[in-house]
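The values are calculated or read from the model by the stated rules, or taken from the named source; none is laboratory data. Note that the coordinates shown come from a computational prediction; the quantities given were computed from them, not determined experimentally. Positions of Cβ are generated from backbone atoms using ideal geometry, with glycine treated the same way; all protein chains shown enter the neighbour counts. For the accessible areas, the whole protein counts, side chains as well, though only heavy atoms, and no ligand, DNA or RNA atoms are used. Shrake-Rupley method; radii C 1.70, N 1.55, O 1.52, S 1.80 Å.
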Amino acid sequence: PACHTALWETMLLFSKKFPTSWSYVNFQKIVSNRFWQFLRSGCYGSQQLSYPALVLFLDSLPSDTMERKEFFSDFFQNLWAGRNASHPSKADRMAFYLAIEECFLWCMNNASRYAIGMTSLAEGMMLLILPCLVSMITF
């Protein structure tokens, strides 16, 4: 957890300076599995540091890396799965729930980026975000 500050700062800064850098890696093969594991494990103990960075991470990703309908469902399922990892403190839980709220609101505000080919923004929001809520409730 001690190196996670440097990890997040480097990754977010690099993504901001070089937004096309994501096109050089296969997000599904290289990044997503490791990222999902990171979320499922409760950020390996760096909840108070990593959870607030998640919305910035989502914002740094180009829309083509999230073109799969399952991306948001996978994101929220893995985030939710890590909520009780390593006996979180009250501050860790607060960081978790704030991250859920911020990421959910980010998804709602940016649904138009992912609703390509859908007849309406409302349809896009229903197809992208509703499955996330259902999966979290039934998890």
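Measuring with a 1.4 angstrom probe and ignoring ligands and nucleic acids, ILE30 comes out at about 80 Å² accessible.
Measuring nothing but protein heavy atoms, the accessible surface of the stretch 1-79 at 1.4 Å probe radius is 59 percent carbon and sulfur. Solvent exposure of the stretch 51-105, expressed per residue, is 49 Å² of accessible area, with all protein chains present and a 1.4 angstrom probe.
What would the Debye equation give as log₁₀ I(q)/I(0) for the stretch 41-99 at q = 0.12, 0.17, 0.24 Å⁻¹, counting only Cα atoms as equal point scatterers? Each listed q corresponds, in turn, to -0.30, -0.57, -0.97. Per-residue extension of 0.36 nm, minus the Cα-Cα distance of LYS16 and SER89, leaves a gain of 23.1 nm for this segment. Pairs of Cα atoms in the stretch 1-97 fall into 10 Å distance bins, from 0 up to the last occupied one, in shares of 15, 49, 31, 5 percent. Using a simple spin-label model with pseudo-atoms 7 Å out from Cα toward Cβ, GLU101 and VAL25 lie 3.1 nm apart. The accessible-area ordering, largest first, of the residues SER50, SER63 stands as SER63, SER50, per a 1.4 angstrom probe. Placing a pseudo-label 7 Å from each Cα along the Cα-to-Cβ vector at ALA81 and ASN110 gives an inter-label distance of 2.2 nm.
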